[in-house]
Amino acid sequence: MTDRAPTEPGAPVLRPGRGPRAALRNTRFRKLYTALVLSSFGDWLGFLATTALATQLVDTFQSKAYATGGVLVFRLLPAVLFGPLAGAFADRWDRRRTMVTCDVMRFALFLSIPLVGSVVTRGNALVYLLIASFLIETVSLFWIPAKEASVPNLVPREQLEGANQLTLIATYGSAPVAAAVFALLSLVSRALGSGFDYFRTGPVDLALYVNAATFLFAALTVYWLDLPSPKVADRPPGQPAPSVFVSLREGLVFMGRTPLARGLIVGMLGALAAGGAIIALGRLFAESVLGGGDAAYGLLFGSIFTGIAAGVALGPRALGDLSRRRVFGPSIVGAGASLIFMSLVPNLLLAAVATVLVGAFAGVAYVVGITLLGLEVDDELRGRTFGLVQSLMRIDLLLVTAVTPFVAGAIGTREGPVGLSINGVSVVLFVGGVLGVVVGIVSFREMDDRPGVALRTDLARRLRRTPARPTYTGTFVALEGGEGAGKSTQLRLLEAWLLERGHEVVVTREPGATATGASIRALLLDPTTTLAPRAEAMLYAADRAQHVAEVVRPALERGAVVVTDRYVDSSLAYQGAGRELAVEEVARLSRWATDGLRPDLVVLLDIDPVVGLGRAGQEPDRIEAESLAFHCRVRDGFVALAESDPDRYLVVPADQEVELVQEAIRRRVAELFPAPVPSQGVSVPS
Ligand code: TYD
């Protein structure tokens, strides 16, 4: 994740696949998302029900306060104790199985709380509640990194930000819904209590049962999800996996050494601390600085969450194609500056506006940060990264909310120089803001991927809404498929049709469309060559780089329609799935080779390898000569790619009549051109 190229501003995409809606159209992500919505809702409901239950199990006001506090402490403790460890497991275990197991355990634990409570004394019920809370939170710690690490495998890169927006909205947006449902359930159980004896003893029980059920549903949803498990790359077969602690250390070393990860983590902690400080000091600030009371505090509290929601929901859209690595630091500077402003103006309305801004900047930083971590951290390290981030964030929040009021209190209110009165709360907020600004600048320095271009220039460009690079005017289509899928025939027919419609058409292929490429091709397909998988991947990438520079890009810039027989997806399917290299790494290689040039449409001719290989010629080349299992992996690889981005792929079963296949291709290709021309009859030369 150290290369500094992959932001691809303005990479030509005919039908933008960005945004939350595009991510939701993706079936596999939708399933995981359903599970996430259920689990988050269950989490909040469980939180409300367990704290309510704790107060019911004791009698005096003081013990009620302690019991509630106890539940909170027992829920925060596991993250501090073994958050990072849980992340290390997300990189070792099958993530789907981890999630399902966790959900089943949470189901059982929540169910057990009312059941155990009904057979033991109230004192023991409280003890059990604390133990169960601890266990539930521990299980959630394993669930979260497994989920976070899986999302980038389910959606294509450009949809990850939208997917993260949805994830954050589900995680925090389900809180008010859960609160409403909890209130409703208390009413229902009170009504039931008048009819059934059982509910009279435990009005919270109903909430716990509903909550248990949400986890069971979530478990089933994920169980039916086809989720790639983490690749443990670079380990020679036969060598045992390193211990959890070794792999945890590996993860920490990686994060410490990588500027991007460092910048992101420090920045996210800074943004969170800014928001946390307002929550922790809000009440004091309202009273001692603004001279207000609960209403003023309520306004500030509401403002911070409104700001966060706005930042998460609207930020990415407002940022457009700006490089995310460039806007992350500045958004933290923005949060810090707003905090400084807030600390200096003793006015409720302005303080509320500043609070909204702190929240909005922090919200943007949060979505951008999580997305960059998902995009740039390799799959096999992702669980550990998210595990560490989740526990650091909890510790951060815990420290900020616990420490800042004490510091503010210790400073107190006193007379400052030149007759100014100094208030501890303002001082802490001011210092926090300055720290935020510093952290933001450090993050920006670590992460900037366009060091030659002033940030001002980029921002001005964005305000004028001009794309980063002049996009070409042509159209780019790639034809993909396994051996014997009939690509050449379909390509010829498509070319004839496009010419008939008056387009300039450039038909090309990989490997070997250029003079240099021809030599590379000879090397690649010669059955007597021996090539290590990585060498093979690099040769295909080298051929592709030459192909794009010499043939594809110039043609697209002229406005031609370029149709290529094979492109990046072949490498992902053959070298990634087939040779079992990490697909994300192969993708990165190709992105670099092509400078981010992506087809507007990829047509996948899907064929059973048994049939396809049967159609292939007499003398198999080096790749054709691979085993059937290899070709089956290639096919599955292609299909998975197409499923992950249905908007940009057309899958056509290639075992049908040639005309039918061509008809389907033409119908879809026609959609790429602005003026809809009725699809014409297919004439197949005999
Ligand atoms: P070719 O004769 O062009 O085959 P086809 O008619 O099947 O396209 O040979 C290309 C071979 O190279 C084919 O078996 C697929 C393989 N290949 C890769 O493994 N990776 C790649 O990135 C590309 C472009 C092709």
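Every test in (1) in contact with a Leu (Cβ under 8 Å, 6 or more places away or on another chain); (2) over 30 Å from residue 667 (Cβ atoms) is passed by residue 572 save one, and that test is (2). Among residues of the range 554-567 that are more than 16 Å from residue 665 (Cβ to Cβ), those with a Cβ under 9 angstrom from a residue that is within 15 Å of the ligand (Cβ to nearest atom) and not in a strand (DSSP E or B), sequence gap 6+ or separate chain, pair up as 556/597. Of the residues making up the range 560-595, those that are within 11 Å of the ligand (Cβ to nearest atom), farther than 23 Å from residue 493 by Cβ and hydroxyl-bearing (Ser, Thr, Tyr) are 571, 574, 590. For the range 93-145, the set of residues classified as hydroxyl-bearing (Ser, Thr, Tyr), assigned to a helix (DSSP H, G or I) and farther than 26 Å from residue 248 by Cβ consists of 112, 128, listed by residue number. Of the residues in the range 256-263, at least one is open to solvent by 40 Å² or more (accessible area, probe 1.4 Å) and out of contact with any helix residue (DSSP H, G or I) (no Cβ under 9 Å at 6 or more places or on another chain).
Can you spot a residue in the range 568-580 that is surrounded by fewer than 24 Cβ atoms within 10 Å (Cβ to Cβ), without any contact (Cβ under 8 Å) to a residue 60 or more places away in the chain and either at negative phi or part of a helix (DSSP H, G or I) (or both)? Within the range 568-580, one or more residues are surrounded by fewer than 24 Cβ atoms within 10 Å (Cβ to Cβ), without any contact (Cβ under 8 Å) to a residue 60 or more places away in the chain and either at negative phi or part of a helix (DSSP H, G or I) (or both).
Of all residues in the range 272-298, exactly one satisfies the criterion of being open to solvent by less than 10 Å² (accessible area, probe 1.4 Å) and in contact with a Pro (Cβ under 9 Å, 6 or more places away or on another chain), namely 281. I need the full set of residues from the range 496-520 which are in contact with a helix residue (DSSP H, G or I) (Cβ under 7 Å, 6 or more places away or on another chain), outside any loop (DSSP other than H, G, I, E, B) and farther than 18 Å from residue 477 by Cα, in order please. Selection gives 516, 517, 520.
When only residues in the range 621-631 that are open to solvent by 50 Å² or more (accessible area, probe 1.4 Å) and more than 9 Å from the ligand (Cβ to nearest atom) count, which is modelled with the lowest pLDDT? Reasoning before the result, please.
First pass over the range 621-631, keeping only residues open to solvent by 50 Å² or more (accessible area, probe 1.4 Å): 625-629.
This time we only want the ones that are more than 9 Å from the ligand (Cβ to nearest atom), so: 625, 627-629.
Values: 625: 89, 627: 93, 628: 92, 629: 94.
Filtering first and then ranking leaves 625.
Contact annotation: residue pairs with Cβ atoms under 6 Å, 6 or more positions apart or on different chains, pairing a residue in the range 37-56 that is closer than 15 Å to residue 185 by Cβ with a partner that is not in a helix (DSSP H, G or I), are 49/204; 52/204; 53/204.
Residues are listed down the side, and each one gets a yes or a no for (1) in contact with a helix residue (DSSP H, G or I) (Cβ under 6 Å, 6 or more places away or on another chain); (2) open to solvent by less than 30 Å² (accessible area, probe 1.4 Å); (3) assigned by TED's automatic domain parsing to the domain that holds residue 343; (4) more than 22 Å from residue 597 (Cα to Cα):
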{"residue": "397", "(1), (2), (3), (4)": "yes, no, yes, yes"}
{"residue": "412", "(1), (2), (3), (4)": "yes, yes, yes, yes"}
{"residue": "421", "(1), (2), (3), (4)": "no, no, yes, yes"}
{"residue": "429", "(1), (2), (3), (4)": "yes, yes, yes, yes"}
{"residue": "461", "(1), (2), (3), (4)": "no, yes, yes, no"}
{"residue": "464", "(1), (2), (3), (4)": "no, no, yes, yes"}
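Close Cβ contacts (under 7 Å, 6 or more residues apart or on different chains) running from residues in the range 605-618 that are over 24 Å from residue 666 (Cα atoms) to residues that are outside any loop (DSSP other than H, G, I, E, B) and within 11 Å of the ligand (Cβ to nearest atom) comprise 609/631; 613/631. Just so you know, in the range 382-395 the residues that are buried (at least 24 other Cβ atoms within 10 Å of the Cβ) and not polar (S, T, N, Q) include one that is farthest from residue 137 (Cα to Cα), and it is 382.
Within the option set 524, 539, being more than 8 Å from the ligand (Cβ to nearest atom) and either under 37 Å from the mean Cα position of the chain (by Cα) or assigned to a loop (DSSP other than H, G, I, E, B) (or both) holds for one residue only, 539.
Would you point out the residue of the range 480-497, among those that are hydrophobic (A, V, I, L, M, F, W, C) and buried (at least 19 other Cβ atoms within 10 Å of the Cβ), that is farthest from the ligand (Cβ to nearest atom)? Among them, the one singled out is 497.
The values are calculated or read from the model by the stated rules, or taken from the named source; none is laboratory data. This structure is a prediction, so every number in the text was calculated from the model and none was measured. Note: ideal-geometry Cβ built from the backbone for every residue, glycine included; neighbour counts use all protein chains shown. Note: accessible area is taken over every heavy atom of the protein model, side chains too, but ligands, DNA and RNA are not part of it. Shrake-Rupley method; radii C 1.70, N 1.55, O 1.52, S 1.80 Å.
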